[in-house]
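These notes concern the structure reproduced below.
The values are calculated or read from the model by the stated rules, or taken from the named source; none is laboratory data. Every value quoted in this text rests on a predicted model; they were computed, and no experiment measured them. Here the Cβ positions follow ideal geometry from the backbone for every residue, glycine too, while neighbour counts run over all protein chains shown. Just the protein is used for accessible areas: all its heavy atoms, side chains included, with ligands, DNA and RNA removed. Shrake-Rupley method; radii C 1.70, N 1.55, O 1.52, S 1.80 Å.
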Amino acid sequence: MTVVLYDGECSFCSAVVQFVLRRDDDAIFHFASIQSEAGRELLANHGVPSPSMDTMYLLEGGRIHERSTAALRIAKGLPGYRSVAGVCLWIPRFLRDFCYRVIAHNRHRILRQNQCFLPNEDEKKRFLGL
């Protein structure tokens, strides 16, 4: 199972999850917030006992990816984004992660939305712990 672990209290992160849900026609990705019991357990089981709230994680093939690598591997799994994401993965990680950290640091300012995302019945099946 491929799981996206995200900050469940962040509007920007929620928007990213919705973006992925709309484009993931094959239902490859499942989701868990970092704050949830399921999310904390998955991360702890994969060597991340104290996850950072400003980091997106991707559990894929038994491996945990974080920050820009997680984001680009997610994009690589979405139709229309595969080739761009594949090319971006060739950029040195320290440069990618620098850009990721700038966005993560400003994510609450980027999207100031006070609405909760409520998944429909089909989408709920893809969220762990719901």
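Remarks
- In this rough spin-label picture, where each label sits 7 Å from Cα along the Cβ direction, the K124-S50 distance is 3.6 nm.
- Overall form of the chain per C-alpha gyration tensor (a/c, 1.5; a/b vs b/c): rounded
- Residue-normalised accessible area of the stretch 1-123, given per residue in Å² at a 1.4 Å probe: 60 Å²
- Per-residue SASA remark: F19, around 70 Å² accessible (1.4 Å probe; ligands, DNA and RNA not included).
- DSSP bridge pairs, the stretch 1-107: antiparallel proportion in percent, nearest 5: 60 percent
- Three-way shape call for the stretch 20-70 based on the alpha-carbon gyration tensor, with the a/c threshold at 1.5: prolate
- Projected label points at H105 and C88, each 7 Å from Cα along the beta carbon direction, are separated by 1.9 nanometres.
- The stretch 1-43: Cα Rg divided by the 2.2 N^0.38 Å rule of thumb: 1.12
- Estimated purely from DSSP H runs of n ≥ 4, each contributing -39500 (n - 2.57), the mean residue ellipticity at 222 nm for the chain is -13000 deg cm²/dmol once divided by its residues.
- Here the chain exposes an accessible surface that is 56 percent carbon and sulfur, computed with a 1.4 Å probe and the other protein chains kept in place.
- Under-5 Å amide H pairs with H30, H placed in peptide plane, nonlocal only: T2, V3, V4
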